[in-house]
Structure formats: structure tokens, C-alpha cells
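A short worksheet on the structure shown next.
The values are calculated or read from the model by the stated rules, or taken from the named source; none is laboratory data. No experiment lies behind these values; they were computed from the predicted model shown. Quick reminder, even Gly has a Cβ in these numbers, built from the backbone with ideal geometry, and neighbours come from all protein chains shown. Note: areas computed on protein heavy atoms with side chains; ligands, DNA, RNA excluded. Shrake-Rupley method; radii C 1.70, N 1.55, O 1.52, S 1.80 Å.
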Amino acid sequence: MAANKTRPTRGSVTAFVAAIDNPRMRADARKVAAMMRRATGKRAKMWGPSMVGYGSYHYRYVGGREGDFMITGFSPRRQALTVYVMPGFSRFGKLMSKLGKYTTGKSCLYIKRLEDIDETVLEQLICESVDYMTAHYDTR
């Protein structure tokens, strides 16, 4: 079976965040990084060339495929700051209704500007997501 393309690397998270061209995005990334560090108690690692991840969990699909991925993380993309909420959003409806202006994918929360959302609610979402992952998966 093929290995995951996105794996932890030895890249410097500090250098990666410092190299973000947009000053607002760089500041937003630093705030989200601090939230994730508090939520996980883990140090950040680069996952591939453009994702910052915290902790890891092991998954195993019914079909036999298994691997490891970050418990939570983020990526500063050109269009938005992407926050990875690995359990998805269906169980977090109350928090999502209070969050502010965002869009989502399956496990991706897209935030154009951190000022558009309630940062306290975002941190609570991250914490509850991490709690869910540690309760349901083998985490490291």
C-alpha cells in the first residue's frame, strides 16, 4: 500500500511562518499556532512543505489502509487560512453557529481574516476537536 504523501518533515515551523509574505496572515498564523499548542500540548511540526501540524493520530480504514496524520493543524493559503479540524464539523454545530464568517470543506475551516471570527470560539472548536481525536484514536 502506498504511504501518505503528507508526512512530518524536519522543516522549521518558525522559518515557515516568518516567511509568510502577508503581515496579517503571518500574525493570524501565529495566533492560531498558539491556540493549537495550548489545545494539544504538542510542539508544531511541518507536515509536507506548507502545513503546520500538532500531534498525530493513527487511523485504520475498514479496507485495510492505515496511516498517521496530524491531530490538528493549519496552512496559510493565498485565499484563506486553512484550519484542519480532523473530525469534521457535524458534531460542532453550536460552536460553528457562533464562529463568524468562514467556509468549510470536509475537515477544512477556511478563514479569510481572523478578525472575521470569534477567536474564543475558534479556540474552543480546536480544543473540542482535539479532545474528540484523543478519545477516539491512538494519538501521540
For this session: Considering only residues that are over 18 Å from residue 136 (Cα atoms) and free of Cβ contacts under 8 Å to residues at least 40 places away in the same chain, look in region 43-72 and name the one that is farthest from the chain's Cα centre (by Cα).
Result: 63
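For region 49-60, indicate whether the set of residues that are in contact with a Leu (Cβ under 8 Å, 6 or more places away or on another chain), outside any loop (DSSP other than H, G, I, E, B) and surrounded by 11 or more Cβ atoms within 10 Å (Cβ to Cβ) is non-empty.
no
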For this session: Kindly provide the set of residues from region 77-122 that are touching a residue at least 24 places away in the same chain (Cβ under 8 Å) and hydroxyl-bearing (Ser, Thr, Tyr), ordered by number.
Result: 82, 84, 110
Seminar exercise, completed: Only one of (1) of a type in the set (Lys, Arg); (2) closer than 23 Å to residue 15 by Cβ; (3) not in a strand (DSSP E or B) does not apply to residue 45, and that is (3)
Exercise. Can you tell me how many residues in region 1-42 are within 30 Å of residue 65 (Cα to Cα) and either outside any helix (DSSP H, G or I) or open to solvent by 60 Å² or more (accessible area, probe 1.4 Å) (or both)?
Worked result: 15
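Could you say which residue among 43, 37, 7, 65 is out of contact with any Asp or Glu (no Cβ under 9 Å at 6 or more places or on another chain), of a type outside the set (Ser, Thr, Tyr) and modelled with pLDDT under 95? Steps first, answer last, please.
Values: 43 fails: modelled with pLDDT under 95; 37 fails: modelled with pLDDT under 95; 7 fails: out of contact with any Asp or Glu (no Cβ under 9 Å at 6 or more places or on another chain).
Within the list 43, 37, 7, 65, the selection yields 65.
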For this session: Would you check which residues across region 77-103 are open to solvent by 30 Å² or more (accessible area, probe 1.4 Å), out of contact with any strand residue (DSSP E or B) (no Cβ under 7 Å at 6 or more places or on another chain) and not in a loop (DSSP other than H, G, I, E, B) and list them?
Result: 90, 91, 93, 94, 97, 98
For this session: Could you tell me which of the residues 115, 123 is assigned to a helix (DSSP H, G or I), out of contact with any helix residue (DSSP H, G or I) (no Cβ under 7 Å at 6 or more places or on another chain) and surrounded by fewer than 19 Cβ atoms within 10 Å (Cβ to Cβ)?
Result: 115
